[in-house]
Amino acid sequence: MSSGLRHMSSKLVWVIMALLMLGLGGFGVSNFGGSISRIGSVGGRDIAVNDYALALRSEMTATSQQIGQNLTMEQARGLGIPQRVQAQLFTAATFDNEADHIGLSVGDAEVLRRITAMNAFHGVDGSFNRDTYKMVLQQNGLTETRFEAAQRTEAARALLQGALVSATAAPADFVASVTAWAHQKRGFTVGRIAASDLAEPVPAPTETEIKAWYDAHPEAYTRPETRRITYIWLTPEMLKDKVEIDEKALRDAYEARKSEYVTPELRMVERLVYPSDAEAGAAKARLDKGEATFETLVTERGLTLADIDLGEVTEADLGAAGAAVFALTEPGVVGPLPSDLGPALFAMNGIIAAKDITFEDAQDDLRQGVALDRARRQILDETNGISDLLASGASLEEVAGETGMEVGTVAYNSESEDGIVGYESFRKVADAVTADSFPEIADLEDGGIFALRLDGIDAPAVKPLSEVHDKAIDDWRQNETRERLQAMADDAAVKIAAGAGIDSLGLITTAYKGLARNSYIDGISPAVLQQIFEMAPGTTATFADGDVFHVVSMTTVMDADPADPELAQSVAQLDAQASQSLAGDVLQLFTEALQSDAKITVDQTAIEAVQAQLQ
């Protein structure tokens, strides 16, 4: 409910003013009759049906404007809008009820101040206008008495909330401690140890070592649950060589795709426009003398290269400037030349040669495309007949025999990836099929079709060593390498602790001074860097980081500089954020306490009736 708490202080007036500004008018739920007048209550405070309808409609309208399409009530429910509006209204009613209970209210002067400050009631001179006030309220079905009562209630609620929030502040010690920790810096030296630093390469394991490793790590060599599946399928690729194609079909395809085969010569061009020929000429003179680059001229015009980029253009696209630009045989700048925006300099940055692929040269490519397209249509034409065969009780093997579909089997699991398993649509059906499923035709992404049958499910099982022998060797060697690197790193740490300098150990070292906690170091992962910042000065530690080990000697821990302006900025930001968070928690706890004492009723029938009218 914390979201509702943060907005409730202005909820009532927000609803009303949203209607004023958007011109929505009253919701008009008079057809509910006298039997349905509220969606619920908190203590002695009712939440009117009209208020809920107005708030819900306004929230839906605002969301519709944000996403660029009108929301249906079903979509609004999916976004949680009705629930959010209800929470806001019940929270507002909770505070209104408490304000009534303790006798909290505001005088006429405060109500007058709030109303006269609202822009919706200002005249052409920018000040409050009594006639405008009456007219706007009348247009929206509101009386002065009702509107002013709403303002009085809103002001009292704001006072109550303000009293709670104003007394909430983040503890100064907490803010100071957190920001001081965040702004600490470190000085340390890192020694890097990789496989290339080993005295000798790790040898291949013996069969005994391989077997021992395999036995100790069965989880690494366990085949996942496997589904034994029989399937039939037909794809355009299977049929393309059997499809008959005449020359007319190829020529029609060539004409349809001619823009792919025949393209004019293009230039990559940028256009820099000037107010006059004189200014453009002066700029070109500076460019020719080497006094300015084209990029400098662009910047001087307050533009970027992206602003003046015309992309790839034909000679005709450039109009009167086309001939001069296309006369360039290498990148350069020409001008001043006329353009539809005025005199301009044109920078030609690249030449894209014309393409003229004849029908004869394009035939092989065309044949592939036409054949695949006709194969897809043929498969589509045959799909209903194949479905009828399956529906009549024919087995997959029988259907394949009658239709020419290919039949196959696959041991399918999460490791499978070849053949038909490469299709997402096949994997989706294969994951869902059961022994009782009836084979049905389904589509493949390339226009093909398939059907499948589950023959059985094999539970997860450890693969035989012969099947994973090479992987076991790789895993053993990788583990052995890491163990040896760890031993080297630990030995280096011991020597450093005994007084040896990290630079004397023959390692590749890098020293860092004054490194901030949020810094990035190439070759050291953020997780390891975070651990490094937990080290105390004068200590040494080793860290595994992928295939590399780091030996770190911490030299200095530098506390935040009290005079650092960034520290002061961080303190202010954290203080504001923490205070806001605490205020939200206080409001939420206070609201929950009030609601636990007050009697709350909810009329779900009324809520559903409002939502039904907004369908």
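Read-outs: derived from the displayed coordinates by stated rules, not from any lab. Being a predicted model, the structure only gives us computed values, none of them experimental. Cβ sites come from the backbone with ideal geometry, for glycine too, and all protein chains shown count toward neighbours.
Here are a few things to note about the model shown:
- Judged by the mean number of other Cβ atoms found within 10 Å, the most tightly packed of the peptides 484-492, 306-314 leads the ranking 484-492, 306-314.
- The loop-placed GluC sites (Glu not before Pro) in the stretch 200-266, going by DSSP, that have at most 10 neighbouring Cβ atoms within 10 Å of their Cβ come out as Glu244.
- Listed peptides 180-189, 135-144, 165-174 by packing density, highest first (mean Cβ within 10 Å): 180-189, 135-144, 165-174
- Gyration tensor (alpha-carbon) shape descriptor, the chain, a/c threshold 1.5: rounded
- Residue-by-residue Karplus 3J(HN,Hα) for the stretch 84-89, coefficients 6.51, -1.76, 1.60, Hz, glycine and proline x: 5, 5, 4, 4, 5, 5
- Using R0 = 22 Å, the C-beta based FRET efficiency linking Glu300 and Ala278 works out to 0.90.
- 3J(HN,Hα) couplings calculated from phi for the stretch 433-450 with the Karplus curve 6.51 cos²θ - 1.76 cosθ + 1.60 (θ = phi - 60°) are, in sequence order, 5, 10, 4, 8, 5, 8, x, 9, 6, 10, 8, 9, 5, 8, x, x, 9, 7 Hz; Gly and Pro show x.
- Whole-Hz ³J(HN,Hα) from phi, Karplus 6.51 cos²θ - 1.76 cosθ + 1.60, for the stretch 170-179, glycine and proline x: 5, x, 4, 5, 4, 4, 5, 5, 5, 5
- Loop-resident sites, the stretch 127-157, for trypsin sites (Lys or Arg not before Pro), counting at most 16 other Cβ within 10 Å (DSSP): none
- Tensor-based shape of the stretch 225-321 (alpha-carbon gyration tensor, a/c under 1.5 rounded, otherwise prolate or oblate): oblate
- Förster radius 41 Å - calculated FRET efficiency between Ile352 and Asn479, Cβ distance, rounded to 0.05: 0.15
- If you take the Cα centroid of the stretch 361-423 and the Cα centroid of the stretch 194-252, the two points sit 23 Å apart.
- Shape category assigned to the stretch 293-348 from the gyration tensor of Cα positions, a/c cut at 1.5: prolate
- Structure note, pairs Lys211/Lys463; Lys185/Lys513; Lys428/Lys463: Cα-Cα distances above 19 angstrom occur for Lys428/Lys463.
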